[in-house]
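Here is the structure we will look at, set down as structure tokens.
The values are calculated or read from the model by the stated rules, or taken from the named source; none is laboratory data. Remember, it's a predicted structure, so these values are computed and weren't measured experimentally. Cβ placement follows ideal geometry from the backbone for every residue including glycine, while neighbour counts extend to all protein chains displayed. Surface areas here come from the heavy atoms of the whole protein model, side chains and all, with no ligands, DNA or RNA. Shrake-Rupley method; radii C 1.70, N 1.55, O 1.52, S 1.80 Å.
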Amino acid sequence: MKHTFWSSLCATLTIVMLLMGCEKPATNLTEIDSFVKAKPVWAEGREVERNLTLSFREIIKTSWVSEAYIRLTASCDYRLKINGEFVAHGPSVAAHDHYRIDCYDIAPHLKWGKNIIAIEVAGYNDDNYYLLNQPSFLQAEVEVNGEVVAATGSEFAAYELKQRKQDVREFSFQRPHIEHYTLSPDFEAWTTDKNWQPAEAVTLVEQPTKMLLARHVPYPDYTVHEAEKLEEGLYKFKCNSTGFLGVRIRVDEPSHLQFAFDEILTEDGHVNGGRLGCYAYLTYELEPGTYTLESFEPYTMQYVEVLATKGGCEVERIYMRDYCGADVKRAQFECNNEAMNRLFEAARETHRQNALDVFMDCPSRERAGWLCDSYFSGRVAFDFAGHTRIEKNFLENFLLPKEFKHIDKGMLPMCYPSDHPNQNHIPNWAMWFVLELEEYLHRSGDRELVDRAKQRVYDLVDYFKPFLNEDGLLEKLTRWVFVEWSAANSFVQDVNYPSNMLYAKMLEVVGRLYDDPALTQQAEQVRKAIVEQSFDGEFFVDNAIRGKGGKLELTRNRTETCQYYAFYLGTATPESHPELWAKMLDKFGPVRKTNNEYPEIHPSNAFIGNYLRMELLSQAGRAKQILDENKSYYLPMAEQTGTLWENMTTSASCNHGFAAHIARVLYRDVLGVQDISPTEKKVTLRFNDCGLSHCKGSIPVGDESVDIEWTMEDGTLNATAIIPEGYTVDYTLNGIEKCNFTSL
């Protein structure tokens, strides 16, 4: 940012240019990485106090406004209002000791005369998987016509209004405190009344200087939509939704109300706010009057139930203010199979609710940025948005800290940014980080970030060395060894072969990324040992146990997921194991629910087994089968919640980020877009005989797009592709004999 003198000069020049009919240069509000005047501040001596909410307020006077911005960041969360009107929630998350700056154009919110800038800040200071446990602060400044007119450290007073109850339970193990309020009808006067007479202001003191970063990623979608009343006290949104729950109610007597919310209803038609191990209730103690209430934190729900333990209320309105990714709308997909169209929209809805500033696993229970999930989400984000900005933030967060204090040296956190004082981690998920790096490089061409990651990657390689046994395989991995949510997770010791399959793939990728042939050779040795030990002539076995005599003894534990790991990660190929490959394609998957073949082979769950299955069916060119299995697996999810789930049942989150990968499957195996490479300026198409007669779609690529449309008539495919300028296009046919192809 320029100093005030230059900012004022720039504003003057802007006015002159506008008067002359010239356009002013666009300001990229996601790339602001510094303040002009603001200092980080908080209540004196209370920066590590748990669940303390402060209300910051400043009145600025404006006349003619050519441009106006507010820059701010905080730990943990803030809500910004101007003259009582909601403007924004933030900040964008970052790694330990780093803070991303949000910058908003507030000119549309300012009126002639006095304007109230109100910022509510929650300092949680709580270990969780959503927001870091770091000392609280706010750093903010308002710039009008090129001049900073208010800044923390010189302007802005702060008040502890005690409207939000401080001593309350956590929302979940993975998220900080619930919201419980004690309010009177004038509770928002501090945001709207210029003559408000405040309680005594708290004493603010300057906090240590912060390491600041640009936001980089697009700002959220704050679309407001209404809930439908199903019956007295019970309301439903069109589909699973994520954001700030709003209610407008009238209370005629002192009342104690709760708003319970969840993604599904119980069998008897009520909301169970504790279904996910959460306390999914907003609690209000209210004096008589009319209220418009809106949650401070974002939550996920399809249903809301109003509960009164004292008094009651008349509900006038229940709404949701979305807090979702905004960069998903350009992507399009449509075919003559309505079930697939429904799945695509469910995938889009799932992704937008889980791709705000990092890739979340679920926006409800924890809002955590988990590795492995991100491997799949990164693909979908590129397909929907045409860029890798969120993925870069996500990966960069793992590179910024000097160390991760609560986990073993060399290991990466299983989810981040988060705090893990219990020292738990998933060694498998750290391996997926490396696999994602390679795919990110292909999508972005960002060699600089991959090179920055080199030390982290080699520290990870070194971490695994003490676990190698005499056969070169990982044995007795510690902490949370995770394969997937199925019986496969019961067979992770002593030598877990799926983990070793992933280890071999990681070594292979490191070898390619950093030109290290020794690791490439080691990867092949690991694969050879796995095949020799694990393959029993029919299936790969999941694990071997070290016997009393010290000998490694192969178990009879065999899972569907283990077979998928073997083929997806390169331990097996269709050529090396043709009988198992055929069996896996034809005998496994949803068909086993009816044919009950191979009951001794434990079935897969959604993540990650069934998603790996889709990748292998694609490799085999089984497009028709993919459509059938997608319908069997995922259409019931889309129909019930409008989003896609963590498991194959409603036993867990019904809105899980990785599940949006179905959109990648539809683009690739139905529309026919096999790959888009911005680095090579190349589009690779493979048109499959998928049993449909028509399909069209648009995939963003930067500011442009790849647009495909095809029809199938009398065995002939008629296809048109519109590709970005400077790109080339290649296509192949799978199961189609005749094709008329046009590229524009």
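One table, with the values for the structure above:
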| item | result |
| --- | --- |
| Search result, residues across region 131-147 that are in contact with a helix residue (DSSP H, G or I) (Cβ under 6 Å, 6 or more places away or on another chain), open to solvent by less than 30 Å² (accessible area, probe 1.4 Å) and on the phi < 0 side of the Ramachandran plot | none |
| Every pair of residues 6+ apart whose Cβ atoms lie under 7 Å, when the first sits in region 559-572 and is aliphatic (A, V, I, L, M) while the second is open to solvent by 10 Å² or more (accessible area, probe 1.4 Å) | 569/505 |
| Condition met for residue 409 (part of a loop (DSSP other than H, G, I, E, B), basic (Lys, Arg), open to solvent by 10 Å² or more (accessible area, probe 1.4 Å) and touching a residue at least 12 places away in the same chain (Cβ under 8 Å)) | yes |
| Residue match in region 578-594 (condition: among the basic types (Lys, Arg) and open to solvent by 50 Å² or more (accessible area, probe 1.4 Å)) | yes |
| Residue match in region 684-693 (condition: under 30 Å from residue 265 (Cβ atoms), among the aromatic types (Phe, Trp, Tyr) and in contact (Cβ under 8 Å) with a residue 40 or more places away in the chain) | no |
| Selection within region 456-477 - closer than 24 Å to residue 542 by Cα, open to solvent by less than 50 Å² (accessible area, probe 1.4 Å) and either of a type in the set (A, V, I, L, M) or part of a loop (DSSP other than H, G, I, E, B) (or both) | 460, 461, 469, 472, 473, 474, 475, 477 |
| Qualifying residue in region 118-131 (condition: of a type in the set (Phe, Trp, Tyr) and part of a strand (DSSP E or B)) | no |
| Identity of the residue in region 278-298, over 28 Å from residue 221 (Cβ atoms) and of a type outside the set (S, T, N, Q), that ends up least open to solvent (accessible area, probe 1.4 Å) | 286 |
| Residue ID - surrounded by the fewest Cβ atoms within 10 Å (Cβ to Cβ), chosen from residues in region 694-736 that are free of Cβ contacts under 8 Å to residues at least 60 places away in the same chain and among the small types (Gly, Ala, Ser) | 726 |
| Identity of the residue in region 542-569, under 18 Å from residue 528 (Cα atoms) and either loosely packed, with under 15 Cβ neighbours inside 10 Å or hydroxyl-bearing (Ser, Thr, Tyr) (or both), that ends up farthest from the chain's Cα centre (by Cα) | 553 |
| Close pairs (7 angstrom Cβ cut-off, 6 or more residues apart or separate chains): over 16 Å from residue 44 (Cβ atoms) in region 194-211, open to solvent by less than 90 Å² (accessible area, probe 1.4 Å) and of a type in the set (D, E, K, R) anywhere | 211/97 |
| Members of region 163-218 found to be of a type in the set (D, E, K, R), more than 23 Å from residue 72 (Cβ to Cβ) and open to solvent by 70 Å² or more (accessible area, probe 1.4 Å), listed by number | 165, 167, 169, 186, 200 |
| Among the residues listed as 480, 485, the single one being open to solvent by 20 Å² or more (accessible area, probe 1.4 Å), at pLDDT below 95 and not in a helix (DSSP H, G or I) | 485 |
